[in-house]
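Only one structure is covered here, and it is reproduced in the block below.
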């Protein structure tokens, strides 16, 4: 038997005939498709300004300074899109919206764009909206008094936690503590402001919200040193610009404005150096980014659209630093919001400009 098996294993097989030597077929490139002027861009240009939804008085993201001027990360995203469309970042009407208001306002055509909304399956597929990129990686956390001596989310078992009702933050709390022997008590509030007021009044032991928002809240408090943002995150919360579905031209325009901000930082193009780098680009991609090479026409914009964005608003790193990072009173680390090729690397990444 063994010999038969061995003999079968050595059986000679007729070799296959060689493949004919023919040149590989040439694949024709896809024909260019002329861009179509979408309804949103038409309306924005006819109005003469961009209506852009931002956070409702959230330090670092969208708030007024002592002179009454709007400042923040969300504000700069809006200004960047206005610079792309009009060549003038000032042509923007900022519309402050709460977490409950923002998606409804976009659905009802009260704004043309939300500067930053949290991406999830239900929101992307069920609201008639499109998330066109990630501008900020965040996660839900907790603000507590140092006197509580809580070191982690596990220490909040049995404690009272203030959270805005009807939001994903409330759902995240329920899901995170579903297996806990002693679950915290949710103290529900109608708005972010009401949740903070309840926390400060002592009606709860912790405030739960996105960690970046909690850092902004803490920085605004008197006696900020008496409060701490715990290191835990109980959710993933990628955030970015949001537009209405059904207008792909406008979605492309907003998406590539964000990508231009990210690419400019990656290629070390800043507001101060952008003019010099347009005249003497250090790489072909920088040349395409700043001079356009006809790419702007695909967005129905002028070829210097990205140049104007960076010259007037700066690159992503400059926006982050002055509003949230090292040049701000929040002092947030870049963390996951660092470039993909930074040391240490983050998650920020944009497709090539070509």
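Residues that are more than 19 Å from the chain's Cα centre (by Cα) and modelled with pLDDT under 95 are absent from the stretch 39-47.
If you check residue 215 against the conditions, is it at pLDDT below 95 and buried (at least 18 other Cβ atoms within 10 Å of the Cβ)?
Values: at pLDDT below 95: yes; buried (at least 18 other Cβ atoms within 10 Å of the Cβ): yes.
The answer is yes for residue 215.
Only residues that are part of a helix (DSSP H, G or I) and surrounded by fewer than 22 Cβ atoms within 10 Å (Cβ to Cβ): list them for the stretch 167-184, please.
Of all residues in the stretch 167-184, those part of a helix (DSSP H, G or I) come to 168-176.
Hits for the stretch 167-184 are 168, 170, 171, 172, 174, 175, 176.
Here are some residues: 251, 260. Which one is within 16 Å of the chain's Cα centre (by Cα) and over 26 Å from residue 335 (Cα atoms)?
Values: 260 fails: over 26 Å from residue 335 (Cα atoms).
Among 251, 260, only 251 is within 16 Å of the chain's Cα centre (by Cα) and over 26 Å from residue 335 (Cα atoms).
For the stretch 230-253, the set of residues classified as out of contact with any helix residue (DSSP H, G or I) (no Cβ under 6 Å at 6 or more places or on another chain), crowded, with 20+ Cβ neighbours inside 10 Å and assigned to a helix (DSSP H, G or I) consists of 251, 253, listed by residue number. Of all the residues in the stretch 336-354, those that are surrounded by 13 or more Cβ atoms within 10 Å (Cβ to Cβ) and closer than 20 Å to residue 139 by Cα number 8.
Within the stretch 215-229, how many residues turn out to be more than 19 Å from the chain's Cα centre (by Cα) and in a helix (DSSP H, G or I)? Working first, answer last.
First, the residues of the stretch 215-229 that are more than 19 Å from the chain's Cα centre (by Cα): 217-229.
After this cut, where a residue has to be in a helix (DSSP H, G or I) as well, the list is 217-220, 224-226.
Number of matching residues: 7.
When residues in the stretch 92-110 are screened for being under 22 Å from residue 319 (Cα atoms) and either crowded, with 17+ Cβ neighbours inside 10 Å or not assigned by TED's automatic domain parsing to the domain that holds residue 255 (or both), 5 of them pass.
Every residue, every condition in (1) farther than 30 Å from residue 256 by Cβ; (2) without any contact (Cβ under 8 Å) to a residue 12 or more places away in the chain; (3) in contact with a helix residue (DSSP H, G or I) (Cβ under 9 Å, 6 or more places away or on another chain), yes or no:
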| position | (1), (2), (3) |
| --- | --- |
| 125 | no, yes, no |
| 131 | no, no, yes |
| 138 | no, no, yes |
| 185 | yes, no, no |
| 188 | yes, no, yes |
| 192 | yes, no, yes |
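Listed here are the helices (runs of 4 or more DSSP H) enclosed by the stretch 285-354 that have at least 2 residues being within 22 Å of residue 91 (Cβ to Cβ), modelled with pLDDT under 95 and assigned by TED's automatic domain parsing to the domain that holds residue 249: 295-298.
The number of residues in the stretch 115-166 that are farther than 26 Å from residue 255 by Cβ and assigned to a loop (DSSP other than H, G, I, E, B) comes to 9.
The values are calculated or read from the model by the stated rules, or taken from the named source; none is laboratory data. On a predicted model such as this, the values are computed, not experimentally measured, just so you know. Every residue, glycine as well, gets a Cβ built from its backbone with ideal geometry; the counts of neighbours run over all protein chains shown.
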